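> Structure below; questions to follow.
Every number in this text was worked out from the coordinates using simple rules, so none of it is lab data. On a predicted model such as this, the values are computed, not experimentally measured, just so you know. Methodologically, a virtual Cβ is constructed for each residue, glycine included, from the backbone with ideal geometry; neighbour enumeration extends over all protein chains shown.
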Amino acid sequence: MKNLSKTYNPKEVEDKIYKLWEKSGFFNPDKLPKSYNLKAKSYCIVIPPPNITGELHMGHALNAACQDVLVRKKRMEGFKTLWLPGLDHAGIATQNAVEKELKKEGKTRFDLGRKKFIKRVWQWKKKYRNTILGQFKKLGCSLDWSRTRFTMDKDYSIAVNQVFSHYYKKGWIYQGERTINWCTRCSTSLSDLEVIYKEEPAELYYIKYGPITIATVRPETKLGDTAVAVNPKDIRYKKYISKTIKIQTVLGKAEMKVIGDKSVDMSFGTGAMKVTPAHDMHDFELSEKHGLEKKQVIGDDGKMTSISGKYAGMTVMDARKEIVKDMRKIGILEKTEPYTHSIACCYRCDTILEPILSKQWFLKMKELAKLAKKPVKTGEMKFYPKSFEKGYFAWLDNVRDWCISRQLWWGHRIPLKGETDVLDTWFSAALWPFATLGWPKKTKDLKEFYPTDVLSTARDIMNLWVARMIFSGMEFMKKIPFRKVYIHPIVLTKEGKRMSKSLGTGMDPIQLIEKYGADATRFGILYQVMRGQDIRFMEDNMVMGKKFCNKIWNASRFVLLQAENTKHKTQSAKLKLNAQNLTPADKKILKSLGKIIKSIDQDIESFRFGQAAHKIYDFFWHDFCDIYLEKSKKQLSDNVHYSVKIQTQQILLYVLLNSLKILHPFVPFITEEIYQRIPVKKKKKSLMIETWPQPAKAG
RNA sequence: GGGCACUUGGCGCAGUGGUUAGCGCGCUACGUUCACAUCGUAGAGGUCGCUGGUUCAAAUCCAGCAGUGCCCACCA
């Protein structure tokens, strides 16, 4: 075959084909052929915006491949299809990344000052914007670049401010002094969802408080104690409740109130606990309930405050050591026990968090949680897999008010006079499905594409992001943001470990594309997207994908060669054949084709990407290539009747064309390249807008 | 402490009641004029975690047990 090489070379094809697609304009739903608009049915997915902190990883690649399968199929089915791209400013994560870069230059953000620092982040954003969007293009994603959004765009910021003032006027946003999670490294508050708990061995210290002994893992916070709490039913301590006990502390003699509260677990430690309202969430609640004083002994910088006596200025760890030493000295440390404790860490920098008393802005969650639950309860919105609903409801049922202020520089400034804090990055991300479509303006896009159809995302941001998008959509649009939520598997290493750049267990999808080609990479990933929660990533599957592409290529070469011999053209969709002349092989392949089309359709609609990939592979390789192609060689030989020969050629082309169509969402580049060369009547500009095959009956 | 998921040939996974349990990668033997050696043909390899139950029939449904992983939670 003179114009097709013996092996498929993705490098010669991919950039060229992507340019052809971009030039066609078909990524943009407004530029699709007229037939699309007439059908008046739209299909929309907004991409989960990657953080601008770096490059895309395997999770992004997997998610992008899944979404591209969905939108390419819908586009071919005649839907006016929009897949909207975008990026998240990712407040804390990006600020950390830029600070890290500054550190290499020996500087901190304070050396630059707020204005210059933010300017620097925008430079960073520009760089990674191009990298990330370029990587989506390499993967073959059919995203409408003309609608690319960023969570800090001017229009988007207007939406954020409007949302803030809406809640504010409703009285749902309030400022309060509360004990919150504080990251001493990032110097900011964090919401409950931004805390990662890690189990670590610790020491449980039994300390004498006058007549009562309490147990704690954090003796340094005892300087901030303002009460001792016991269970009112506890006969050991009943007599002390509401009384004041005299105690000896490392700072001298003191008095301590004893309170009774049923939240105290009698079976833990000694059954008595110290109450440190400023440095423990539970203790804070007790202090509100019982009207206790709040003494802040740990500062924003993670060091003991001036009211900590001789320990002032020490780090928490140093103070702990000193206090334990001193307690031993004065004989109030009864004993210690080894204890496994889960410590709270920052989800962005891993630093141990200090609960501290701080003035922050909160969003009331009571009504919003109700809004978030409703559409999932009624079935208007569905989760795939359904099992995620349980965790979703559990979180909403127990959710506390959302701490939305962050003491960062990079982000949306809180739109109130005199406020220097910014909003939690998820506050703006929560508006993604409608703010990207133009809200608060009443745009054509909103009318046409909202509610969107599918949200495809990872399970770790279900509550952090998905739940918040749902109540935001319900509150501001009065409609669900998306009809279906697809929770894709997490990509792990072959050994079942988390993929992480810093651990050296990461896998770069762009390198895989370099090595195997984009189609092979996509197919290799999708081939592994089965029902489980995780994928143990096997690079072997990229090899499989590459071989499969080569098979598609060569089978096409064979079919094209036959077609060229007789200059035969097939109809794009319909095939008129004389059923009586069909050989058993003809009948069988046509029947299999009909079956596979139906099956692939169902699999994609129910997000069974791996099953679809397996089936399409088996059909093409085994049914079509191994069996029918071999049979066709006999049916095409010189000693058979001319009519059989023609018919065989027709069937070859017909099956190939339909195979290309159903393969296209999975391996878009190679199928487009072949489509461009295939002799088909009424050929479209691109396979992207060819008609998705109907599961027709066999021959 | 609660919840969820998983356990099938060397490795990674399909298969959710019915003939000899499949796929990819790997492995063995043979085969290169005629689409493809990134290939073809043939083949080796599994008591489907364990125990009990339901059924004419179970990898597949139920119960218990064991192992692995994940998520949630204010045990100080």
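> Say each of A:Arg536 and A:Ser5 gets a label point 7 Å from the Cα, pointing the same way as Cα to Cβ; how far apart are those two points in nm?
Here the modelled spin labels are 3.6 nm apart.
> Counting only C-alpha contacts under 8 Å and six or more residues apart, can you give the relative contact order of chain A as a whole percent? Write down the numbers at each step before the final one.
Details: 1215 pairs, mean separation 112.7, N = 699.
Value for chain A: 16 percent.
> Determine the distance separating the Cα centre of the stretch A:106-170 from the Cα centre of the stretch A:659-685; give it in Å without decimals.
37
> With all distinct Cα pairs included, what does the Kirkwood hydrodynamic radius of chain A come out to in Å, to one decimal, could you say?
Values: mean 1/r = 0.0345 Å⁻¹.
Mean inverse Cα-Cα distance, inverted, gives 29.0 Å.
> For A:Phe388 and A:Cys349, calculate 0.36 nm times their separation in residues minus their Cα-Cα distance, and state this gained length in nm to one decimal. Before the final figure, lay out each step's value.
Working: separation 39, 0.36 × 39 = 14.04 nm, distance 2.77 nm.
My answer for the length gained is 11.3 nm.
> Sort out for me the Cα centre separation of the stretch A:58-98 from the stretch A:310-371, rounded to whole Å.
39
> OK, next. What is the extension gain from A:Lys238 to A:Gln511, computed as 0.36 nm multiplied by their sequence separation minus the C-alpha to C-alpha distance, in nm to one decimal? Before the final figure, lay out the partial values.
Details: separation 273, 0.36 × 273 = 98.28 nm, distance 6.74 nm.
Difference between extended and current length: 91.5 nm.
> I would also like to ask the following. Helix A:114-139 against the longest principal axis of chain A: what's the angle in degrees, Cα atoms only, rounded to the nearest 10?
The answer is roughly 30 degrees.
> Let me ask another. Assuming R0 = 51 Å, what is the FRET efficiency of A:Lys41 and A:Glu367, from their Cβ-Cβ distance, to the nearest 0.05?
On the way: r = 34 Å, r/R0 = 0.66.
The formula returns an efficiency of 0.90 here.
> Hey, another quick one. Using the beta-carbon distance between A:Asp318 and A:Glu288 and R0 = 45 Å, what value does 1/(1 + (r/R0)^6) give for FRET efficiency, to the nearest 0.05? Each step should come with its number before you reach the end.
Values: r = 31 Å, r/R0 = 0.69.
Between A:Asp318 and A:Glu288 the formula returns 0.90.
> Need one number: nm distance between label points at A:Ser146 and A:His641, each 7 Å from Cα along Cα→Cβ, rounded to one decimal.
5.4
> Whats the longest run of chain A with zero GluC sites (Glu not before Pro) that are DSSP loop and have at most 10 other Cβ atoms within 10 Å?
Details: sites that count: A:Glu105, A:Glu495.
That would be A:106-494.
> Continuing with this model, one more query. Let me check I've understood the local charge: for A:Lys127, count other residues with C-beta under 12 angstrom from its C-beta, Lys and Arg +1, Asp and Glu -1. What total comes out? Please report the intermediate quantities before stating the final value.
Working: positive: A:Arg120, A:Lys125, A:Lys126, A:Arg129; negative: A:Glu55, A:Glu101.
With Lys, Arg at +1 and Asp, Glu at -1, the neighbours total +2.
> Work through the residues other than A:Asp88 whose Cβ is under 14 Å from its Cβ and net out their charges, Lys, Arg +1 and Asp, Glu -1. Intermediate results must be reported in sequence, preceding the final value.
Numbers: positive: A:Lys125, A:Arg129, A:Arg149, A:Arg348, A:Arg468; negative: A:Asp153, A:Asp424.
Neighbour charge sum, excluding A:Asp88 itself: +3.
> Related question: Summing Lys, Arg as +1 and Asp, Glu as -1, what charge do residues with Cβ under 13 Å from the Cβ of A:Thr457 carry, A:Thr457 excluded? Display every interim value, and only then the final one.
On the way: positive: A:Arg459, A:Arg468, A:Lys484; negative: A:Asp88, A:Asp460.
Within the 13 Å Cβ shell, the charges total +1.
> Could you tell me the calculated FRET efficiency between A:Arg400 and A:Lys310, based on Cβ-Cβ distance and R0 = 41 angstrom, to the nearest 0.05? Mind showing how you got there, number by number?
Details: r = 36 Å, r/R0 = 0.88.
So, using R0 = 41 Å, E works out to roughly 0.70.
> Only helical DSSP H runs with n ≥ 4 go in: add -39500 (n - 2.57) per run for chain A, normalise by residue count and round the 222 nm mean residue ellipticity to 500 deg cm²/dmol. Show your work: numbers first, answer last.
Numbers: 23 runs with 289 residues, N = 699.
Calculated at 222 nm, the ellipticity per residue is -13000 deg cm²/dmol.
> log10 I(q)/I(0), Debye, Cα-only the stretch A:169-285, no solvent, q = 0.16 Å⁻¹?
Each listed q maps to, in turn, -0.86.
> How big, in percent, is the set of alpha carbon pairs in the stretch A:608-661 lying more than 13 Å apart? Don't skip to the answer; put the middle values down first.
Numbers: 901 of 1431 pairs.
Percentage above 13 Å: 63.
> Starting from the Cα-Cα distance between A:Asp301 and A:Lys634, subtract it from 0.36 nm times their residue separation and give me the gain in nm to one decimal.
On the way: separation 333, 0.36 × 333 = 119.88 nm, distance 8.16 nm.
Length difference between fully extended and current span is 111.7 nm.
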